[in-house]
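See below for the structure under consideration.
The values are calculated or read from the model by the stated rules, or taken from the named source; none is laboratory data. A quick note: this is a predicted structure, and the numbers were derived from the prediction, not measured. Neighbour counts are summed over all protein chains in view; Cβ atoms, including those assigned to glycine, are modelled from backbone coordinates with ideal geometry.
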Amino acid sequence: MEQAYLDLGRKLLEEGHEKGDRTGTGTRSIFGYQMRFDLQKGFPLLTTKRVPFGLIKSELLWFLKGDTNIRYLLQNNNHIWDEWAFERYIKSDEYHGPDMTDFGHRSISDPEFNKQYQEQSQLFCERILTDDAFAEKYGDLGHIYGYQWRHWETKDGGFIDQIKEVVEAIKKTPDSRRLIVSAWNPEDVPSMALPPCHTMFQFYVHDGRLSCQLYQRSGDVFLGVPFNIASYALLTHLIAHETGLEVGEFIHTLGDAHLYSNHVEQMKEQLSREMRAFPKIVLNTEKNLCLTLKWMISRLKAMNLIQQSKRQSQYEHRKDDEMLAAIWAQDENGLIGKEDQLPWRLPNDLKFFKQMTEANTLVMGRKTFEGMGSRPLPNRQTIVMTRDRDYQADNVMVMHEIEEVLDYAKENDGILFVAGGSAIYKEFLPFCSVLYRTVIHHSFIGDTYFPEVDWDQWSLINISQGEMDEKNPYAHQFETYQRKRK
């Protein structure tokens, strides 16, 4: 099935019309093209280039939440939409940094300018994460996809939840030819940071299977289209699961399909690579026929990709920056434990831990695991590290060397969270790119401390205060750090 995408790339190289574009880069373009993917045969996540599934999940959830502010994406280490919000900011009176005019083109052609752009963009993102008023003003992108999907405004002041309505229609009238969701609202287009590229999609039910056709007015074939294919295939799986159907086809219809001039050599390289079998997608939760936002969140967090074949080449092994992360809670002195137990009870932190780690993998030492009652947490894979070669435990993976864990992380989608104890944290910290730390503003008595961290290597990208109440009697805050790029 991947051949359909590669055929499009080859057609653009051989037959594409040279056209200008708003970025000034230049493109090779064709008008009117269709690809078909049989979702029964695999999930269309391309194997000839890296397509980070984690970014696809978080962006789709952002759409389904009806959200239009990039803060949620940044909190999930997703930077797909940064430049559109940044462009609005630099045009405002509040921006006083270096001239960022035409930053998209200049950052590619001018290495010195690119350094300035990266610095200003990082400062912008950090402020979005830490300044509520700034995020509200400059993080919002207008009435783009999520707003139109979930909150389409009517002339009488009401709203239409298109996702909810199309699901109900599929259940009640599956033969309808009106199973459509549109993101193209002409009245709102002028105020959008970027008018919708994937403008509308339609569902079709036949023989107990749900198919989806997307019309995309504009498709960046090298960068954007691989994401679009996987995103709408994932959406089809979600809606099919919600409506009690099997998946059918995903049909991708493109208007202006184009290849930017600076992607020509990369596309040629991609065409030279060997295709591999598509992965399969598995829903790990029971079917729940009530479409709610909570349902959508749980489904997306429960997605796993099971690879049908090992990926061996270097480009296939590259993963998201968040492949390994450490997560822990500490008091104001860095204390994390007492006799292999937490020295405090803080439900807010337990809730945060669950929210971050569900549908991912935990790695912990044997003592930490036994301190939890030797039972793995639900909806998570668990790796127990021990030197004891004879150690066994039910429903967990037992590993003895850090290399085993790192190999597992390379071969499996999702985030691997290091969850203690102190020696395990120390061993894995050099390999982590993100840290999630809960700081409790109180001093406790205990015997285990978090290992020393060189904070010069880390940037604080998010901080939020926890709410105190009867069940959470200590002041506390949640912090997220990202390793600085060298």
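Results, tabulated for the structure shown:
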{"read-out": "Test for ARG389: is it in the same structural domain as THR438 (by the TED database), over 20 Å from ALA423 (Cβ atoms) and not aliphatic (A, V, I, L, M)", "value": "no"}
{"read-out": "Out of LEU429, LEU435, sole residue that is part of a strand (DSSP E or B), in the same structural domain as VAL363 (by the TED database) and at negative phi", "value": "LEU435"}
{"read-out": "Scope the range 393-426; condition of a type in the set (Asp, Glu) and in contact with a helix residue (DSSP H, G or I) (Cβ under 6 Å, 6 or more places away or on another chain); matching residues", "value": "ASP413"}
{"read-out": "Candidates ASN333, ASN348 - the one that is in the same structural domain as PHE428 (by the TED database) and either of a type in the set (A, V, I, L, M) or over 18 Å from TYR449 (Cα atoms) (or both)", "value": "ASN348"}
{"read-out": "Where ASP38 falls short, out of the listed (1) touching a helix residue (DSSP H, G or I) at 6+ places or on another chain (Cβ under 9 Å); (2) touching a residue at least 60 places away in the same chain (Cβ under 8 Å); (3) surrounded by fewer than 18 Cβ atoms within 10 Å (Cβ to Cβ)", "value": "(1)"}
{"read-out": "Single unsatisfied condition, GLN216 versus (1) out of contact with any His (no Cβ under 6 Å at 6 or more places or on another chain); (2) polar (S, T, N, Q); (3) modelled with pLDDT of 95 or more", "value": "(1)"}
{"read-out": "Residue check for LEU6: of a type in the set (A, V, I, L, M) and within 24 Å of the chain's Cα centre (by Cα)", "value": "no"}
{"read-out": "Residue in the range 441-455 that is assigned by the TED database to the domain that holds LEU362 and assigned to a strand (DSSP E or B) present", "value": "yes"}
{"read-out": "Residue satisfying condition, being surrounded by 14 or more Cβ atoms within 10 Å (Cβ to Cβ) and within 30 Å of HIS258 (Cβ to Cβ), within set SER176, SER121", "value": "SER121"}
{"read-out": "Given (1) under 30 Å from LEU460 (Cβ atoms); (2) out of contact with any strand residue (DSSP E or B) (no Cβ under 7 Å at 6 or more places or on another chain); (3) surrounded by 18 or more Cβ atoms within 10 Å (Cβ to Cβ), number of the condition THR68 does not satisfy", "value": "(2)"}
{"read-out": "The range 56-88, subset of a type in the set (A, V, I, L, M) and assigned to a loop (DSSP other than H, G, I, E, B), residue farthest from the chain's Cα centre (by Cα)", "value": "ILE70"}
{"read-out": "Per-region count, the range 74-88, residues crowded, with 16+ Cβ neighbours inside 10 Å and in contact with a strand residue (DSSP E or B) (Cβ under 8 Å, 6 or more places away or on another chain)", "value": "3"}
{"read-out": "Residues located in the range 386-426, provided they are in a helix (DSSP H, G or I), more than 19 Å from PRO451 (Cα to Cα) and either of a type in the set (Gly, Ala, Ser) or touching a Ser or Thr at 6+ places or on another chain (Cβ under 7 Å) (or both)", "value": "ALA409"}
{"read-out": "Among residues of the range 89-116, those that are buried (at least 17 other Cβ atoms within 10 Å of the Cβ), in a loop (DSSP other than H, G, I, E, B) and at pLDDT below 90, counted", "value": "0"}
{"read-out": "Condition met for ILE461 (surrounded by 19 or more Cβ atoms within 10 Å (Cβ to Cβ), of a type in the set (A, V, I, L, M) and in contact with a helix residue (DSSP H, G or I) (Cβ under 6 Å, 6 or more places away or on another chain))", "value": "yes"}
{"read-out": "Test: PHE352 is without any contact (Cβ under 8 Å) to a residue 40 or more places away in the chain and either surrounded by fewer than 17 Cβ atoms within 10 Å (Cβ to Cβ) or assigned to a helix (DSSP H, G or I) (or both)", "value": "no"}
{"read-out": "Residues within the range 241-273 that are part of a loop (DSSP other than H, G, I, E, B) and either closer than 17 Å to HIS17 by Cβ or in contact with a Ser or Thr (Cβ under 6 Å, 6 or more places away or on another chain) (or both), tallied", "value": "1"}
{"read-out": "Yes/no for ASP256 being surrounded by fewer than 21 Cβ atoms within 10 Å (Cβ to Cβ), among the charged types (D, E, K, R) and touching a Phe, Trp or Tyr at 6+ places or on another chain (Cβ under 7 Å)", "value": "yes"}
{"read-out": "Unmet criterion (only one of (1) within 19 Å of LEU346 (Cα to Cα); (2) of a type in the set (Phe, Trp, Tyr); (3) not in a loop (DSSP other than H, G, I, E, B)) for TYR474", "value": "(3)"}
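For (1) assigned to a helix (DSSP H, G or I); (2) touching a residue at least 40 places away in the same chain (Cβ under 8 Å), each residue gets a yes or a no:
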residue	(1), (2)
TYR204	no, yes
LEU210	no, yes
LEU214	no, no
GLY219	no, no
VAL225	yes, yes
ASN228	yes, no
THR236	yes, yes
ILE239	yes, yes
